[in-house]
Amino acid sequence: MHILDLLKERGFIAQVTFEEELYEQLENEPTTFYVGFDPTASSLHFGHFIPILAMMHMQRAGHRPIALVGGGTTMIGDPSGKTDMRKMMTKQTIQKNAQKIHKQLSHFLAFGQGKAQMVNNADWLLDLNYMEFIRDIGVHFSVNRMLAAECYKQRLERGLTFLEFNYMLMQSYDFLQLFKRCNCRLQMGGDDQWSNMLAGADLIRRKEREAAFACTFNLLMTHDGKKMGKTERGALWLDAELCSPYEFYQYWRNIADADVPKSLSLLTFLPMEEVHRLSALEGADINEAKKTLAFECTKLVHGEEEAERAQQASAALFSGGSISDEVPTFAISLKELASDSRLTTLLHLSGLCSSRSEARKMIQQSAVMVGESKATDVDSLVTADMLGSDGLLLRRGKKNYCRIVLKT
């Protein structure tokens, strides 16, 4: 099967430029393509997972991935999807983040001679001569067309700085540089990058008179139109230090029934025949599909051993077994507990509830368990004796757990 057909079948493709020509390009020769990652944090998160999986499919089909780390563009900040200007970061922080992201990507892609490579756009952006850049690159960009782009339109009313206005030019210049240095002809990424990617492919076609393409991926949304990958604690990180394998597993184990089919298709490498079989399950049987989804996703991100441990921990909790070491843990000192031992405070501090007021509502709705007992009093306290040596298991709803332990 042609790689574009495979990506379409699994639900990746949102938009493509010069589709017939791209089909021929990918069929005729191994093609170098790139996906950009701005190192704004020390870890990638679920928002990067769809492009990473697409890169894996492309590499398995014989094409060569470039992971572009935006050491230069991160100093400006992408206005796409942002309501405010991004905070400025130091070169040192950006560099540290880039190194960690490289290590993470190595878990998914095969790097080396003739395989995937990682480059940093700081290598060509930081030493640019501005006058030469504006004369050579800026002349190919229409301000009217740029202002019509979705990434800028959203920001015009709130205020768009000239600094951010440069982002499209910088990203387009990245594509041009990768074309010249690596014969890269295709940029891939999330559909929110469509305007920037179109500009880059167009720049190569204008300046170099060569074929260049853009292909965007669907953002994974819930059945009711919300972005997937958001938890009570924030983003669903791919770093085990920021989001444990157990938490990662539980997220996918607990998704809505309606979100199972597309998640299985996009987030696993299961054959589509198996995806269709699992997606057709109904009622209580859909739990088999959710367990498979959670295991396969966790295995991809954290490895098979961690996926098995998370699966066993989840099974133990759902069957009323003992508290597992894999369950998220919040440590509190005796001093902290003495100053505020309210259950609502612990529910908030542990991340089970977003605020103390939400914790009160959850207790009033009989949605909180303390150990084996249902919490009924919003003013109830948690004592050191209740924590014991193994900790105290708190649960919000049926699926959110946290073990409270004393700091040693």
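In the stretch 271-279 there is no residue that is within 30 Å of Cys402 (Cα to Cα) and of a type in the set (Asp, Glu).
Quick one: in the stretch 44-85, of everything that is small (Gly, Ala, Ser) and either crowded, with 19+ Cβ neighbours inside 10 Å or assigned to a helix (DSSP H, G or I) (or both), which residue is modelled with the lowest pLDDT?
Result: Ser80.
Per-residue answers, yes or no, for (1) surrounded by fewer than 20 Cβ atoms within 10 Å (Cβ to Cβ); (2) without any contact (Cβ under 8 Å) to a residue 40 or more places away in the chain:
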{"position": "Ser172", "(1), (2)": "no, yes"}
{"position": "Ala201", "(1), (2)": "no, no"}
{"position": "Lys226", "(1), (2)": "yes, yes"}
{"position": "Ala235", "(1), (2)": "yes, no"}
{"position": "Asp239", "(1), (2)": "yes, no"}
{"position": "Ser244", "(1), (2)": "no, no"}
{"position": "Phe248", "(1), (2)": "no, no"}
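Return the residues of the stretch 1-30 that are farther than 23 Å from Ser195 by Cβ and assigned to a loop (DSSP other than H, G, I, E, B); say none if nothing qualifies. Met1, His2, Arg10, Glu29, Pro30 - these are the residues of the stretch 1-30 that are farther than 23 Å from Ser195 by Cβ and assigned to a loop (DSSP other than H, G, I, E, B). Close contacts from the stretch 136-151, counting a first residue that is more than 20 Å from Lys207 (Cα to Cα) and a second that is modelled with pLDDT under 70 and among the acidic types (Asp, Glu), with Cβ to Cβ under 8 Å and a gap of 6+ residues or different chains, come to Cys151/Asp78. Scan the stretch 207-223 and give yes if some residue there is part of a loop (DSSP other than H, G, I, E, B), more than 15 Å from the chain's Cα centre (by Cα) and not assigned by TED's automatic domain parsing to the domain that holds Asp136, otherwise no. Yes, that holds for at least one residue.
Every listed requirement among (1) more than 27 Å from Leu4 (Cα to Cα); (2) assigned to a helix (DSSP H, G or I) is met by Lys262 save one, (1). Test Ala307 against the criterion of being modelled with pLDDT of 85 or more, of a type outside the set (Val, Ile, Thr) and in a helix (DSSP H, G or I), and give yes or no. For Ala307, the condition - modelled with pLDDT of 85 or more, of a type outside the set (Val, Ile, Thr) and in a helix (DSSP H, G or I) - is met. Residues of the stretch 182-191 that are in a helix (DSSP H, G or I) and at pLDDT 95 or above: Cys182 alone.
Which is more than 22 Å from Asn400 (Cα to Cα) and of a type in the set (Asp, Glu), of Glu241, Glu210?
Glu210
In the stretch 375-406, the residue that is farthest from Arg342 (Cα to Cα) out of those that are modelled with pLDDT under 85 and either among the polar types (S, T, N, Q) or surrounded by fewer than 12 Cβ atoms within 10 Å (Cβ to Cβ) (or both) is Lys398.
Within this structure, Thr344 fails the test of being of a type in the set (Val, Ile, Thr) and within 27 Å of Lys262 (Cβ to Cβ).
The values are calculated or read from the model by the stated rules, or taken from the named source; none is laboratory data. This structure is a prediction, so every number in the text was calculated from the model and none was measured. Virtual Cβ from ideal backbone geometry, glycine too; neighbours counted across all protein chains shown.
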